[in-house]
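Working notes for the structure below.
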Amino acid sequence: MEKILGPASYLVKRQIFFSQRDLELALDDHEKGKGFFLYTGRGPSGPMHIGHIMQFYFTRLLQEKFGTNVYVQVTDDEKYLEAKRNLSYPDTQHWADENILDILATGFHPDKTFIFQDTEFVGHAYPLILKISKRINYSLTKAVFGFTGETNVGMLFYPSIQILPTLFEKRRCLIPAAIDQDPYWRIQRDIAEGLGYHKAAAIHSKFVPPLTGLSDKMSSSKPETAIYLDDDDYTVKSKVNKRAFSGGRATVEEHRRLGGDPDIDVPFQWLYMFFEPNQHKLDKIRDDYKSGRLLTGELKEILVAKITGFLKEHRKKREEARNHVSEFKHSGTLARKMWETDFEKL
Ligand code: TYM
């Protein structure tokens with residue numbers, strides 16, 4: 001993977017993508033000419049943050065390097081059903097439209113990528129969803145996801161829908177995602193071969209930590225914990241400066257004398273996980289910070305410049321993507337094929 005990923009190999013070298021299942025089988029299939037396909041997704045519950053978009057940049061890169069098809073599932077159904085979200089149906093449609101632009105901004109190939117909203121597409125695939133759902137019993141989903149008597153029945157059924165795209169081709173499916181999505185793939189691996197398909201392969205990333213500290217999760221209900229793709233430069237600067245958890249010392253004098261701790265410093269961790277691919281530059285920042293040469297404010301400034309530069313480029317590509325959504329959803333080669341597929345026969 002390191003060889004293939006080239007300049008982005010830092011994502012595996014630094015163990016941001018740190019775990020895998022059957023990745024070697026997918027790579028073997030590629031070498032033997034059988035190939036594999038990629039599948040990933042997004043639950044449109046609000047604006048996307050840096051952690052979400054990292055998955056799509058990584059998936060897009062794999063598509064480019066391996067020349068594979070990519071299927072992107074946008075689970076408007078899941079986010080409508082999740083009671084804690086309190087989202088109306090129109091809310092989920094709005095966020096699906098917005099999130100799709102962010103996803104397309106990462107540069108997927110229009111003829112090799114199919115992006116679909118569940119509420120629009122999965123009715124078409126219902127015969128295959130039935131086959132999946134018949135093999136998943138109540139005790140299993142309850143044990144895997146911790147459902148209770150209060151969970152609505154839509155959520156009980158939903159895992160069949162997230163498993164569906166792993167069966168879009170008879171080839172092996174490789175799924176890049178953060179580790180939180182793995183329970184679905186564990187169920188998939190129990191049932192796929194019985195249905196005549198491959199067990200899904202996966203490559204898992206860690207979570208990009210919230211700005212506010214290494215424990216906890218970035219959360220839409222706490223905007224200060226994350227940088228969203230629609231945050232303007234002022235917001236980025238003020239979130240990083242005011243809210244980012246620092247491993248620096250209380251005073252400049254103390255910091256110069258004792259140095260900072262990059263291991264708990266979120267701005268450093270964000271550079272490590274995504275924003276500073278260059279190992280030499282990163283090592284220098286770490287050394288300077290530890291020795292006290294680099295101050296907390298200066299480290300934060302480095303991160304702010306990286307994020308605002310990234311977002312500026314992202315916003316530009318997002319605007320360009322506006323005119324191409326229908327290719328990815330309907331008229332591109334792969335999209336057309338998916339709409340023409342007869343799922344009764346699969
Ligand atoms: P969602 O919308 O919660 O997350 C979208 C993708 O982002 C990953 N992710 C993160 N990655 C790094 N750092 C973080 N802090 C972080 N938070 C979330 C998620 O693991 C995911 O890869 N049920 C799914 C939608 C879905 C899906 C899929 C995701 C449907 N099919 C196939 C991945 C693969 C969801 O709600 O994702």
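Kindly indicate whether any position in the stretch 40-49 is assigned to a helix (DSSP H, G or I) and either modelled with pLDDT of 95 or more or farther than 24 Å from Leu311 by Cα (or both). Don't jump to the end; show me each part of the working.
Quick first cut of the stretch 40-49, residues assigned to a helix (DSSP H, G or I) only: none.
For the stretch 40-49, residues assigned to a helix (DSSP H, G or I) and either modelled with pLDDT of 95 or more or farther than 24 Å from Leu311 by Cα (or both): absent.
Of the residues Ser215, Ser220, only one is open to solvent by 20 Å² or more (accessible area, probe 1.4 Å), among the polar types (S, T, N, Q) and under 20 Å from Glu98 (Cβ atoms); which? Spell out the reasoning first.
Details: Ser215 fails: under 20 Å from Glu98 (Cβ atoms).
One residue alone meets the criteria, Ser220.
Within the stretch 154-176, track down each residue that is outside any helix (DSSP H, G or I) and surrounded by fewer than 21 Cβ atoms within 10 Å (Cβ to Cβ).
We begin by selecting, within the stretch 154-176, every residue outside any helix (DSSP H, G or I); these are 168-176.
Answer for the stretch 154-176, where residues must be outside any helix (DSSP H, G or I) and surrounded by fewer than 21 Cβ atoms within 10 Å (Cβ to Cβ): Glu169, Lys170, Arg171.
Test Gly292 against the stated conditions and say whether it is on the phi > 0 side of the Ramachandran plot, modelled with pLDDT of 95 or more and either more than 15 Å from the ligand (Cβ to nearest atom) or open to solvent by 20 Å² or more (accessible area, probe 1.4 Å) (or both).
yes
One line per residue, one yes/no per condition, for (1) assigned to a helix (DSSP H, G or I); (2) more than 26 Å from the chain's Cα centre (by Cα); (3) touching a residue at least 12 places away in the same chain (Cβ under 8 Å):
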{"position": "Asp283", "(1), (2), (3)": "yes, yes, no"}
{"position": "Asp288", "(1), (2), (3)": "yes, yes, no"}
{"position": "Val304", "(1), (2), (3)": "yes, no, yes"}
{"position": "His324", "(1), (2), (3)": "yes, no, yes"}
{"position": "His330", "(1), (2), (3)": "yes, no, no"}
{"position": "Ala335", "(1), (2), (3)": "yes, no, yes"}
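Give the residues of the stretch 202-236 that are touching a residue at least 24 places away in the same chain (Cβ under 8 Å), closer than 15 Å to His49 by Cβ and within 9 Å of the ligand (Cβ to nearest atom), sorted by residue number. Let's see the steps before the verdict.
Applying the first criterion (touching a residue at least 24 places away in the same chain (Cβ under 8 Å)) to the stretch 202-236 yields 202-214, 218, 220, 226-231, 233, 236.
Okay, now just the ones that are also closer than 15 Å to His49 by Cβ, so 205-212, 218, 220, 226-231, 236.
Across the stretch 202-236, the qualifying residues are Ser205, Lys206, Phe207, Val208, Pro209, Pro210, Met218, Ala226.
Kindly indicate whether any position in the stretch 43-51 is more than 8 Å from the ligand (Cβ to nearest atom) and among the aliphatic types (A, V, I, L, M). Spell out the reasoning first.
Step one: list which residues in the stretch 43-51 are more than 8 Å from the ligand (Cβ to nearest atom), which gives 46-47.
Checking the rest, the ones that are also among the aliphatic types (A, V, I, L, M) come to none.
Looking for residues that are more than 8 Å from the ligand (Cβ to nearest atom) and among the aliphatic types (A, V, I, L, M), one finds none in the stretch 43-51, hence no.
Go through the stretch 1-39 and give me each residue that's open to solvent by less than 60 Å² (accessible area, probe 1.4 Å) and assigned to a strand (DSSP E or B).
If the condition is that a residue be open to solvent by less than 60 Å² (accessible area, probe 1.4 Å) and assigned to a strand (DSSP E or B), then Phe17, Ser19, Phe36, Phe37, Leu38, Tyr39 are the ones that fit.
Those residues that are among the hydrophobic types (A, V, I, L, M, F, W, C), assigned to a helix (DSSP H, G or I) and within 20 Å of Glu193 (Cα to Cα), I need them from the stretch 95-138; list them, please.
Within the stretch 95-138, the first condition is being among the hydrophobic types (A, V, I, L, M, F, W, C), and the residues that meet it are 95-96, 100-101, 103-105, 108, 114-116, 121-122, 125, 128-130, 132, 136.
From what's left, assigned to a helix (DSSP H, G or I): 95-96, 100-101, 103-104, 121, 128-130, 132.
Leu128, Ile129, Leu130, Ile132 - these are the residues of the stretch 95-138 that are among the hydrophobic types (A, V, I, L, M, F, W, C), assigned to a helix (DSSP H, G or I) and within 20 Å of Glu193 (Cα to Cα).
Name the pairs: first residue in the stretch 179-197 and in contact (Cβ under 8 Å) with a residue 60 or more places away in the chain, second residue within 13 Å of the ligand (Cβ to nearest atom) and not in a helix (DSSP H, G or I), Cβ to Cβ under 6 Å, at least 6 apart or on different chains?
Sorted first by the residue in the stretch 179-197, then by its partner, the pairs are Ile179/His204; Trp185/Ala200; Trp185/Ala202.
Only one of Lys65, Lys112 is touching a strand residue (DSSP E or B) at 6+ places or on another chain (Cβ under 8 Å) and over 30 Å from Glu150 (Cβ atoms); which? Walk me through it before giving the result.
Numbers: Lys65 fails: touching a strand residue (DSSP E or B) at 6+ places or on another chain (Cβ under 8 Å).
Residue meeting the stated conditions: Lys112.
Working only within the stretch 177-189, note down all residues that are touching a helix residue (DSSP H, G or I) at 6+ places or on another chain (Cβ under 8 Å), open to solvent by 30 Å² or more (accessible area, probe 1.4 Å) and more than 12 Å from the ligand (Cβ to nearest atom).
Across the stretch 177-189, the qualifying residue is only Arg186.
When both residues are 6+ apart or on different chains and their Cβ atoms are under 6 Å apart, which pairs have a first residue that lies in the stretch 44-64 and is among the hydroxyl-bearing types (Ser, Thr, Tyr), and a second that is within 11 Å of the ligand (Cβ to nearest atom)?
Filtered contacts from the stretch 44-64: Ser45/Lys79; Ser45/Arg85; Thr59/Leu38; Thr59/Thr40; Thr59/Pro176.
Residues of the stretch 104-118 being open to solvent by less than 60 Å² (accessible area, probe 1.4 Å) and in contact with a helix residue (DSSP H, G or I) (Cβ under 6 Å, 6 or more places away or on another chain), which ones?
The answer is Leu104, Ala105, Thr106, Gly107, Phe108, Pro110, Thr113, Phe114, Ile115, Gln117, Asp118.
Among residues belonging to the stretch 58-78 that are in contact with a Gly (Cβ under 7 Å, 6 or more places away or on another chain) and open to solvent by less than 30 Å² (accessible area, probe 1.4 Å), point out the one that is farthest from Pro110 (Cα to Cα). Working first, answer last.
First pass over the stretch 58-78, keeping only residues in contact with a Gly (Cβ under 7 Å, 6 or more places away or on another chain): 60, 68, 72-75, 78.
Okay, now just the ones that are also open to solvent by less than 30 Å² (accessible area, probe 1.4 Å), so 68, 72-75, 78.
Details: Thr68: 12, Val72: 12, Gln73: 15, Val74: 17, Thr75: 20, Glu78: 26 Å.
Taking the candidates together, the pick is Glu78.
Among the listed residues Val252, Val304, Val266, identify the single one that is touching a helix residue (DSSP H, G or I) at 6+ places or on another chain (Cβ under 6 Å) and not charged (D, E, K, R). So that I can check it myself, show each step before the final result.
Working: Val252 fails: touching a helix residue (DSSP H, G or I) at 6+ places or on another chain (Cβ under 6 Å); Val266 fails: touching a helix residue (DSSP H, G or I) at 6+ places or on another chain (Cβ under 6 Å).
Answer to the check: Val304.
The values are calculated or read from the model by the stated rules, or taken from the named source; none is laboratory data. Everything numeric here is computed off the predicted structure, so don't read it as measured data. Cβ atoms come from the backbone with ideal geometry, glycine included; neighbour counts cover every protein chain shown. In case anyone asks, the SASA skips ligands and DNA or RNA and just uses the protein heavy atoms, side chains included. Shrake-Rupley method; radii C 1.70, N 1.55, O 1.52, S 1.80 Å.
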